[in-house]
Amino acid sequence: MLNQLPKKVRIVEVGPRDGLQNEKSIVSIDDKVTFIKMLAEAGLLEIEATSFVRAEKIPQMSDGCELNARLQSLPELKKTHLISLVPNMKGMEGALKAGVKDIAVFTATSNTFNQKNINATIDESLVRIEEVMKVAKANNIRTRGYISTVFGCPYEGKTSLETLKRVAHKLQDMGVYEISLGDTIGIANPLQVSEVIDFISKDFNKSFFSMHFHDTRGMAVANILSSLEMGMTSFDSSAAGLGGCPYAVGSSGNVATEDLLFLLQSMGIETGIDMKKLSEASQFILSKLNRETPSKYLKAYLSSGR
Ligand code: MG
């Protein structure tokens, strides 16, 4: 089995956006800048920093423009891809004003989820994405795609693999550089993960996907291992496991970067990330949020130093 594991894995850090968006305490712009600088210092090269959504909808993300300006002015972040989530043309206008170089667009494999999340069916969301991506391309902005509810939907239950294939092809045709496959409610199991990867790899290169697991039911690390065995080499995670699960109140959401990193490092898989510096970044943001981490690794590290 160990022979089949990759030698190197890439981690996309989503804590400052996907994580903080689901945290109640509002973090100041200075603290966000410090947090992102510390994450980059730990070796994370791709960091989802903010989103351009309506401020009244998600107050935590209302400083996207100013945050981007601050981050872009820092020489130590010149090599870091700072990704901003963009839901529509209005968001794209904000992202353009802020001079972002990397955006992410999102849809799902469930019509009900998309309707509740962004008030659009899957096909309507693809029309919006196409508009956004035309502008992105004209401005040399790289675009990452997200597909949510790949392993299950809070409203529809199991979702269709054919829909996944169709949506992934559309996003690829529009020019996204990769697609993140989201287990939005943390319902996937390792066997299902291997089946989904087997299915999509008939049509796509495996390196076109990043796996985005949530640890809501404690399955994230098992699902990551299953993905590694299937040849996947990119994963999304959130420092300290920031962000809860809106579909299961009080539960954890994104898998913690520390738990992912410990799994990889302890099996000798290279990531380029420094665990100590990452844990310091997490400790910093946890102190600002005044909360404990759901990360098993980080809890052990904070009490034992390893
Ligand atoms: Mg997430």
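Only the coordinates and a few stated rules stand behind these numbers; no lab work does. Computed from a prediction, not measured in an experiment: that's the story for all the values here. Note that each Cβ is placed from the backbone with ideal geometry, even for glycine, and that neighbours are counted across all protein chains shown.
For the reader, a short list of remarks on this structure follows.
- Pairs of Cα atoms nearer than 8 Å and 6+ residues apart set the relative contact order; for the range 10-303 it is 20 percent.
- Here the chain is treated with +1 on each Lys and Arg Cβ and -1 on each Asp and Glu Cβ, and its dipole about the Cα centre works out to around 280 debye.
- The amide H of PHE106, built 1.01 Å from its N in the peptide plane, has TYR146 as neighbours under 5 Å, considering only residues 5 or more places off or on other chains.
- Taking the chain as a Gaussian network of alpha-carbon nodes connected by springs under 10 Å, the highest mean-square fluctuation of the residues ASN117, ASN189, ASN88 belongs to ASN117.
- Segment HIS169..ASN119, full-extension length gain: 15.8 nm, with 0.36 nm per residue of separation and the alpha-carbon distance subtracted.
- Using the Cβ-Cβ distance between ALA69 and SER28 with R0 = 22 Å, the FRET efficiency computed as 1/(1 + (r/R0)^6) comes to roughly 0.90.
- For LEU286, the shell of other residues with beta-carbons less than 13 Å away shows a net charge of -2, using +1 for Lys and Arg and -1 for Asp and Glu.
- Relative contact order (%) - the range 60-144, alpha-carbon pairs under 8 angstrom, separation at least six: 29
- Considering helices alone, the calculated mean residue ellipticity of the chain at 222 nm is -12500 deg cm²/dmol, with DSSP H runs of length four and up weighted by -39500 (n - 2.57) and normalised per residue.
- Those aspartates and glutamates that a straight Cα-Cα span of less than 17 Å connects to LYS137, excepting residues fewer than 8 apart in one chain: GLU93, ASP102, ASP173, GLU178
- GNM top mover of GLY15, GLY243, GLY91 - the chain, alpha-carbon springs below 10 Å: GLY91
- Total charge dipole magnitude, the range 11-55, about the Cα centre, Cβ charges on Lys, Arg, Asp, Glu only, Debye to nearest 20: 200
- Candidate lysines - alpha carbon under 23 Å from LYS299, same-chain residues fewer than 8 apart omitted: LYS24, LYS32, LYS37, LYS276, LYS277, LYS288
- Full extension of the chain between PHE204 and GLU270 gives 21.3 nm of extra length, using 0.36 nm per residue less the Cα-Cα distance.
- For the pair ILE58 and GLU195, a Förster radius of 25 Å applied to the C-beta separation gives a FRET efficiency near 0.15, rounded to the nearest 0.05.
- Other residues whose C-beta falls under 15 angstrom from the C-beta of GLN265 contribute a net charge of +3, scoring Lys and Arg +1 and Asp and Glu -1.
- Among SER194, SER237, SER287: highest mean-square fluctuation, GNM of the chain, C-alpha pairs under 10 Å: SER287
- Charge tally around SER110: other residues with Cβ under 11 Å, Lys/Arg +1 each, Asp/Glu -1 each, net +1.
- Once C-alpha pairs closer than 8 Å and six or more residues apart are averaged by separation and normalised to the residue number of the range 127-273, the relative contact order reads 19 percent.
- The modelled label-to-label distance for the pair GLU280/LYS78, using points 7 Å beyond Cα in the direction of Cβ, is 2.3 nm.
- For the range 204-253, the list of chymotrypsin sites (Phe, Trp or Tyr not before Pro) that fall in a loop by DSSP and count at most 16 other C-beta atoms within 10 angstrom reads PHE204.
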